[in-house]
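Here's the structure we're looking at; comments come further down.
The values are calculated or read from the model by the stated rules, or taken from the named source; none is laboratory data. Note that the coordinates shown come from a computational prediction; the quantities given were computed from them, not determined experimentally. A quick note on method: Cβ atoms are made from the backbone with ideal geometry, for glycine too, and the neighbour counts reach across all protein chains shown. Please note that ligands, DNA and RNA were not included when accessible areas were found on the heavy atoms of the full protein model with its side chains. Shrake-Rupley method; radii C 1.70, N 1.55, O 1.52, S 1.80 Å.
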Amino acid sequence: MSEIQPVISIKTDQQVAIPGKVVNLLGLDRAGLEAFFEAMGEKKFRATQLMKWIHQLGVTDFQQMNNLSKDLRSQLAASSCIKNLEVSKDQLSSDGTRKWLLQLSDGNHIEAVFIPEDDRGTLCVSSQVGCALDCSFCSTGRQGFNRNLTAAEIISQVWLASQLLEGEKKLCKGKYGNRAMQERLPTGRKITNVVMMGMGEPLLNFDSTVKAVRIMMDDFAYGLSKRRVTVSTAGVVPAMDRLADVLDMRLAVSLHASNDELRNELVPVNKKYPLKELMAACRRFIDKQNSRSRITFEYVMLDGINDKPEHARELIRLLKGIPTLMNLIPFNPFAGSGYYTSSRKSVLRFSEILHEAGMTTVVRRTRGDDIDAACGQLAGKIEDKSRRHRRFEQPRYGMK
Ligand code: SAH
């Protein structure tokens, strides 16, 4: 593991000169920007011009936007800003995974992670400061909850990661004399996929999540196809229905248990929306999607808790008729969690049973655990408003 210092210098708030209410254009999707320009008496197509400048060219200084008139540029600078999060820490794992600790304007911190693979680069973004759901095996949950992220704060993670990753080639040459370090950097690797699997429950921050996903998928912004954007939920059933009405993207459901008794313990939101309702919502979701694609189910393998053959068989019955991609995730331990990672043998046995029943099953590799960037290890630095962390002896597991 190593820390990347100094971070590429990105000036993020050149335009925040005007006190009072200044709209951050970073978080407006196409419809939002069109409405913004129309309210200014401008033509709608300014929206796509601006999106290209911000998201494709990485320009945040209105004065550089030379296809906008000087007048319009000044008007924009007076009424709006393009403000990103501040990069507080930039860490690189020995496997190439990169994690950023990002500071929000209220002093809280969240995390975003980039996972390079042979054929893709996946960015894992956060949707909330902490998480209110309190899943028993997740270190983000242990920290408690502070607030929802705005759409601008969500999309800023994508903006910064794109800029930092693409700027790296140049940066490497100048700043890293060490050849080994240069070779390990995922140089110039572009983001091909975004997963909303960082800190928080995206479906409890519905409107901002939808806006941010729309920007990710907009051809004038990041242009990601619907197969390459995944929203992950612990199972907030009514919001799953609303989501299917407004967006066509991939859905991941954090399942982790094959029956209600166990799931109530591991994923407490299950008490509100039990498995029967969750499965019905998954079926409705698939029916509503144009592409009728599969749902990804995440299942963290906890030694002796949910990893027995009978659990696998129960899962097969539970998911009958739902087009499924099952991701078996090794539990990433953290101090005081009280859980252990399942043995390799148990995971293989479990996956074999699912496989034999015809379920597409993938055993995930743990990535970035040396910098606490793996699933469930994201912790940021948050001021807990739920006071949950006081229940635990060590409030901020996994924080570096
Ligand atoms: N709240 C959403 C988004 C977070 S996604 C959701 O629950 O889907 C983060 C994923 O990592 C979830 O599947 C979560 O259950 C899983 N996870 C949490 N803690 C983990 C841990 N310690 N080890 C492995 N996976 C974990």
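Would it be correct to say that N259 is within 14 Å of the chain's Cα centre (by Cα), under 27 Å from S351 (Cα atoms), touching a residue at least 12 places away in the same chain (Cβ under 8 Å) and away from the ligand (no atom under 13 Å from the Cβ)? No, not satisfied.
So that you can scan it fast, the table gives a plain yes or no per residue for (1) touching a Leu at 6+ places or on another chain (Cβ under 9 Å); (2) in contact (Cβ under 8 Å) with a residue 24 or more places away in the chain; (3) of a type in the set (V, I, T):
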| position | (1), (2), (3) |
| --- | --- |
| V236 | yes, yes, yes |
| L266 | yes, yes, no |
| K320 | no, no, no |
| F334 | no, yes, no |
| Y339 | yes, yes, no |
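When restricted to residues that are more than 11 Å from the ligand (Cβ to nearest atom) and open to solvent by 10 Å² or more (accessible area, probe 1.4 Å), region 135-150 contains 5. Looking only at region 193-218, residues that are within 14 Å of the ligand (Cβ to nearest atom), under 10 Å from V246 (Cβ atoms) and open to solvent by 10 Å² or more (accessible area, probe 1.4 Å) come to 1 in all. For the residues D71, D29, D61, the requirement of being at pLDDT 95 or above and under 22 Å from L123 (Cβ atoms) singles out D29. Report yes if D118 is on the phi < 0 side of the Ramachandran plot, part of a loop (DSSP other than H, G, I, E, B) and open to solvent by 20 Å² or more (accessible area, probe 1.4 Å), otherwise no. In short, yes. Considering region 32-66, the residues that are acidic (D, E) and assigned to a helix (DSSP H, G or I) include one that is surrounded by the most Cβ atoms within 10 Å (Cβ to Cβ), namely E34. Please specify each residue of region 200-218 satisfying the condition of being assigned to a loop (DSSP other than H, G, I, E, B) and among the acidic types (D, E). Within region 200-218, E201, D218 meet the criteria.
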